[in-house]
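The values are calculated or read from the model by the stated rules, or taken from the named source; none is laboratory data. Just so it is clear, the model here is predicted, and its values are computed rather than measured. Here the Cβ is made from the backbone with ideal geometry for all residues, glycine too, and neighbour counts use every protein chain on show.
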Amino acid sequence: MIARLGRGVLEFVVGDDWRVAAAVVVALLATAGLAGLGLAAWWLLPLATVAILHFAIRGAVSTTRPR
Amino acid sequence: MTGPEISLIVSVFLACAVEAVEAFTIVLAVGSTRHWSSALLGVGAAVLVLAVLVGALGPALTRLPIDVLRVAVGGLLLVFGLQWLGKAILRAAGAKALHDELAAFADEREAAAEAPAEEGVDRYAFAISFKAVLLEGLEVAFIVLTFGANQHRVPLAATAAAVAVAVVIAAGIAARAPLARVPENPMKFAVGVLITTFGVFWGAEGAGATWPGGEAALAPLALAILAASLLMVRDLRGPGMRGAGEVAA
């Protein structure tokens, strides 16, 4: 029951495409890495977000294209 | 009232209104076809579960250290916002079917009429109403908790959600029909942009980045995400994408 609940929560948060969640985690880690080095890091997450959104949408559409 | 507080109210209100419209359609179909008391009992039980969830998790979240809270909430909001925004972009571009309240109402009525009748409390009407309100409400509870906890304004977020539900119920009672004319996708688009913006802002701050201008960076950030999203809609509508199929719901 707890495992099912955990799976349900994970599915709720991660959604249809786990790669989006994974990419967000990588982008946050990269931001933390830049900030940790004392470099300007604010620009990274907005750019990564637009790129993630673009690839997620392209991926969703390309799977439905007639071959 | 500060800019982030206004954004909190707008985001929660719009998100809650959209989800309440969808839940209202299902409850109306089940209640009018089966048994109103049982359907409303299901609604009450789901609202109680959601209230307990927000009441229990809200204070717990606000006790987390601010950087931990910001990076966790920012990351979650970003993942969640990208889902909302992605679907809204696909719908705006015609690559995914718009949510049709009249069709959903007809489907729910048909299913409700086929289920066996029961005496006393109608378990079908209770279960369908409970599930509809709980599932639609969970997304709102998530937004209320994340936005509210990060600004230490969970009661304000919960109030915005309650007002949205009251407005939808009042409109539904007045119309006595599914609220099919509510512009659901533009509202979801706006919520997706706002959630994604705050996810980026808080996520980056929690990860150690410093925004130029502090909170003043929120408005240009939202505009940039909106502009990029609209470009994606235009790109999807372009000649290169014609002939592409429709993305499943």
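The residues of the stretch A:1-18 that are more than 15 Å from B:L135 (Cα to Cα), hydrophobic (A, V, I, L, M, F, W, C) and either assigned to a helix (DSSP H, G or I) or at pLDDT 75 or above (or both), listed by number, are A:I2, A:A3, A:V14, A:W18. Apart from one condition, B:G137 fits all of (1) part of a loop (DSSP other than H, G, I, E, B); (2) closer than 28 Å to B:A97 by Cβ; the exception is (1). Given the condition in contact with a Lys or Arg (Cβ under 9 Å, 6 or more places away or on another chain) and over 26 Å from B:T33 (Cα atoms), answer yes or no: does some residue in the stretch B:111-134 qualify? No, the conditions are met nowhere in the stretch B:111-134. Scanning the stretch B:196-230 for residues that are of a type in the set (V, I, T), within 20 Å of the chain's Cα centre (by Cα) and more than 15 Å from A:L28 (Cβ to Cβ) yields B:T197, B:I225. The sole residue among B:E108, B:E139, B:E114, B:E119 that is surrounded by 21 or more Cβ atoms within 10 Å (Cβ to Cβ) and not aliphatic (A, V, I, L, M) is B:E108.
This table checks each residue for (1) at the interface with chain A (Cβ under 7 Å from one of its Cβ atoms); (2) at pLDDT 95 or above; (3) in a helix (DSSP H, G or I).
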position	(1), (2), (3)
B:G199	no, no, yes
B:E205	no, no, yes
B:G208	yes, no, no
B:A216	no, no, yes
B:A219	no, no, yes
B:L226	no, yes, yes
B:L230	no, yes, yes
B:L236	yes, no, yes
B:A244	yes, no, no
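Is one or more of the residues making up the stretch B:65-73 in contact (Cβ under 8 Å) with a residue 24 or more places away in the chain, within 24 Å of B:K188 (Cβ to Cβ) and either in contact with a helix residue (DSSP H, G or I) (Cβ under 6 Å, 6 or more places away or on another chain) or among the basic types (K, R) (or both)? So far as the stretch B:65-73 goes, yes, one or more of its residues are in contact (Cβ under 8 Å) with a residue 24 or more places away in the chain, within 24 Å of B:K188 (Cβ to Cβ) and either in contact with a helix residue (DSSP H, G or I) (Cβ under 6 Å, 6 or more places away or on another chain) or among the basic types (K, R) (or both). Identify all residues within the stretch A:30-57 that are facing another protein chain (nearest Cβ under 7 Å) and either in contact with a Lys or Arg (Cβ under 6 Å, 6 or more places away or on another chain) or assigned to a loop (DSSP other than H, G, I, E, B) (or both); write none if there are none. Correct list: A:A41, A:W42. Name the single residue that is farthest from the chain's Cα centre (by Cα) among those in the stretch B:1-12 being surrounded by fewer than 22 Cβ atoms within 10 Å (Cβ to Cβ) and part of a helix (DSSP H, G or I). In this case the residue turns out to be B:G3. In the set B:A158, B:A190, B:A149, B:A177, only one residue is over 27 Å from B:F80 (Cα atoms), of a type in the set (A, V, I, L, M, F, W, C) and either out of contact with any strand residue (DSSP E or B) (no Cβ under 7 Å at 6 or more places or on another chain) or within 14 Å of chain A (Cβ to nearest Cβ) (or both); that residue is B:A177.
Scanning the stretch B:24-42 for residues that are surrounded by fewer than 23 Cβ atoms within 10 Å (Cβ to Cβ) and either closer than 17 Å to B:A190 by Cα or aliphatic (A, V, I, L, M) (or both) gives B:L40, B:L41.
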